[in-house]
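Structure record follows, encoded as structure tokens.
The values are calculated or read from the model by the stated rules, or taken from the named source; none is laboratory data. For clarity, every value in this text was computed on a predicted model and none was experimentally measured. Every residue, glycine among them, receives a Cβ derived from its backbone with ideal geometry; neighbour counts consider all protein chains shown. When the accessible area is computed, the model is the full protein with side chains, heavy atoms only, and any ligands, DNA or RNA have been set aside. Shrake-Rupley method; radii C 1.70, N 1.55, O 1.52, S 1.80 Å.
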Amino acid sequence: MAEALVPRVRADIAGIDARRLTWVDFTADVAEAVRPVIPFDAYCWHTVDPGTILFTGSVNKHVGCSGSWLAHYEYVVDDVNKWSFLAHSGRIAGATSIDTHGDLSRSARHRSQQGHGFGDELRVSLVVDGVYWGAAGFLRYSDQPWFTEAEVKALSVLSSSIATGLRRAIATQAPPGQSRVDWGPGVVVFDEDGRPESTSTAAERWISELVEDPAPDQPSESKVVQAIAARARAIPPGTDPLELAARARVRTRGGTWLLLYGTRLAGGPDGRTAVIIHPATPHDVAPVVALSYGLTDREARVAMQCIQGRPTKEIAKALSMSPYTVQDHLKSIFDKTGVHTRGELVGQIFLDHYATRWEEPPTAAPGLFVRGIETRTM
């Protein structure tokens, strides 16, 4: 039954994508589109930074979880069907009941939920062109049947269509009329056990702008912030000298791009960490923008040169390619971004949406230029 509905649901997803919604509205409509294939009682969606696989946004419906809980069970504890594993293993989707061989209690995540009325969970990672963009989880109450192999397969088949739409939605312009603000750098400090010690006013303001529905009870419980803090604590000292692994580029409700990064603190008790929040630079955001439109690495570099106003011959010389190859790349860039001229590329895609000035970084930062009813609370 589930597999028979896949072609129709795939067409429905394409129709939802064609409406050019924000990712929050896109995922809400997709959830209803897939419901006939995989009936569920609650769900969650998360976007991730494709370079570091840390959460950048979150939507929960009929299920609640704290940011510290989510970060702990996705980035710290070993468990079945962690989203990052599903994405990188190529399995894409998995059900807890199937992957624990019928014993849900073998899942640490499920054991932590006992008492909240949930039974089986079907998870899917959203990957397109080899890049991991987001994740979703669909839950059933404990008195409902478990997910079947056919339902897992159906969701896996649909995942590429969902991922394509999500990738596009991440590049959607912010709703008209929202002004961008700059409150300066903010900081959240955690003790050695991950408990929040202090949060600056600027951090509270930035966190209130993150796409998290429902909003965290306390700013320090932000799922985005907690994911970065958990990663920072988990990195063995000295193994990430440039501190690139505990970073995420996040777009706010108003369209501002932020860079959040975690760091260990010195001069106090061992194990204290901080998450720093501040507006992202063009260097930080450019790879995500390029990937969100499906540009290849070479196309992204041509686009960056074009944005700086360089003519075809200069681009060809800078990138060691022929002018004809540059033109071929530009044609592909125009097709993928939906523009017709270089002026439209600069004005409509990059400058108006993301930054006021673009420069080519001298070197690409590793890990950032790449190829995430009633309410029951966990």
Subset tally (residues that are more than 12 Å from Leu295 (Cα to Cα), touching a Leu at 6+ places or on another chain (Cβ under 9 Å) and crowded, with 17+ Cβ neighbours inside 10 Å) for segment 330-347: 2
Looking for whichever is among the aliphatic types (A, V, I, L, M) and within 14 Å of the chain's Cα centre (by Cα) here; the options are Ala234, Ala227, Ala215. Which one fits? Ala227
For segment 53-81, what are the residues that are open to solvent by 10 Å² or more (accessible area, probe 1.4 Å) and assigned to a loop (DSSP other than H, G, I, E, B)? Ile53, His62, Cys65, Ser66, Val77, Asp78, Asp79, Val80
Taking the residues in segment 257-274 that are part of a loop (DSSP other than H, G, I, E, B) and in contact with an Asp or Glu (Cβ under 7 Å, 6 or more places away or on another chain) as candidates, determine which candidate is most open to solvent (accessible area, probe 1.4 Å). Asp270
Determine the pairs where a residue that is under 18 Å from Thr199 (Cβ atoms), located within segment 245-262, has a partner that is among the acidic types (Asp, Glu) and open to solvent by 10 Å² or more (accessible area, probe 1.4 Å) with Cβ atoms under 7 Å apart, the partner being 6 or more residues away or on another chain. Thr252/Glu209; Leu259/Asp284; Tyr261/Glu243
Only one residue in Gly94, Gly102, Gly137, Gly119 is open to solvent by 30 Å² or more (accessible area, probe 1.4 Å), outside any helix (DSSP H, G or I) and among the small types (Gly, Ala, Ser), so which one is that? Gly102
So which residues in segment 308-329 are open to solvent by 30 Å² or more (accessible area, probe 1.4 Å), more than 22 Å from His283 (Cα to Cα) and not aromatic (Phe, Trp, Tyr)? Lys313, Ser322, Pro323, Thr325, Gln327, Asp328
Which numbered condition Ile277 misses (of (1) open to solvent by 40 Å² or more (accessible area, probe 1.4 Å); (2) at pLDDT 85 or above): (1)
